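Colleague: I am attaching a structure below and will ask some questions about it afterwards.
The values are calculated or read from the model by the stated rules, or taken from the named source; none is laboratory data. These numbers were taken from a predicted model, which means no experiment stands behind them. Here the Cβ is made from the backbone with ideal geometry for all residues, glycine too, and neighbour counts use every protein chain on show. What goes into the accessible areas is simple: the full protein's heavy atoms, side chains included, and nothing from ligands, DNA or RNA. Shrake-Rupley method; radii C 1.70, N 1.55, O 1.52, S 1.80 Å.
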Amino acid sequence: MGLREWWRKRRPAPLVDAPSAPVELPARTVAVHTAESMVVVTVDADAAAGLLPALADASAPVRLTAPGARPVSFLPALDPRQAPTLDPDEGWLIPLTDQVRADLISLVRPEPGAWEIPGINLGVVVEA
């Protein structure tokens, strides 16, 4: 391990910043719950069908919004140690490394079901 890696591991992960110009995706329902250290995002099947292709562009943050719900933003991670964060003004901010993004796209389907995404404390539930 070089000096740079040693120093990076000793420092805390940088905070997740709110996206400046996310791709906005409306949803009928968006809900976020926590279960111990896991963040579970629940969306409707139509929202999942729009989210998955939008996440294919690794450089663009994507924000899911629903009436009466806090928004959920998926954004590129600056550091693999970053974790999902609740910003009181911006809603949930979920950083995705390239590997986590690829796993999310390959695992989650736009049909009812539940998936745990490896590499981050994230679960996704799709409801009918």
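Colleague: Would you please name the GluC sites (Glu not before Pro) within the range 60-128 that are DSSP coil residues with at most 10 other C-beta atoms within 10 Å of their C-beta?
Modeller: Loop-located and lightly packed - none at all.
Colleague: Looking at the chain as a GNM with Cα springs under 10 Å, which of Gly68, Gly113, Gly50 has the largest mean-square fluctuation?
Modeller: Gly68
Colleague: I've got another one for you. Could you sort Trp7, Trp92 by their accessible area in this structure, using a 1.4 Å probe and putting the largest first?
Modeller: Trp7, Trp92
Colleague: Let me ask something additional. Under a GNM of the chain (C-alpha, springs under 10 Å), which listed residue has the highest mean-square fluctuation: Ser73, Ser37, Ser20?
Modeller: With Cα springs under 10 Å in the chain, the top fluctuation among Ser73, Ser37, Ser20 is at Ser20.
Colleague: Starting from 0.36 nm per residue, how many nanometres of slack lie between Ala49 and Trp115 once their C-alpha separation is accounted for?
Modeller: 22.3 nm
Colleague: Another question, if that's okay. Skip the ligands, DNA and RNA, and give the accessible area per residue of the range 81-121 with a 1.4 Å probe, whole Å².
Modeller: 52
Colleague: With each label point set 7 Å from Cα along the Cα-Cβ vector, what nm distance links Leu78 and Ser106?
Modeller: The two pseudo-label positions are separated by 2.9 nm.
Colleague: Cut-off 10 angstrom, C-alpha nodes, Gaussian network model of the chain. Which of Ala18, Ala45, Ala35 fluctuates the most?
Modeller: Of Ala18, Ala45, Ala35, the most mobile in the Gaussian network model is Ala35.
Colleague: A further question follows. Any chance you could give the angle, 0 to 90 degrees and rounded to 10, that helix 98-107 forms with the longest Cα principal axis of the chain?
Modeller: Roughly 30 degrees, rounded to the nearest 10.
Colleague: For the range 64-128, what value does the Rg/Rh ratio take when both radii are computed over Cα atoms and Rh is the Kirkwood radius, given to two decimals?
Modeller: Radius of gyration over Kirkwood radius for the range 64-128 works out to 0.97.
Colleague: What distance in nm separates the simple spin-label points at Asp87 and Met38, each placed 7 Å from Cα in the Cβ direction?
Modeller: Label at Asp87, label at Met38, 2.6 nm between them.
Colleague: Here's something else I'd like to know. What accessible area per residue, rounded to a whole number of Å², is obtained for the range 3-57 using a probe radius of 1.4 Å?
Modeller: Normalised by residue count, the accessible surface of the range 3-57 is 67 Å².
Colleague: Then there's this: Ignoring ligands, DNA and RNA, what percent of the accessible area of the chain is carbon or sulfur (1.4 Å)?
Modeller: Carbon with sulfur: 55 percent of the solvent-accessible area.
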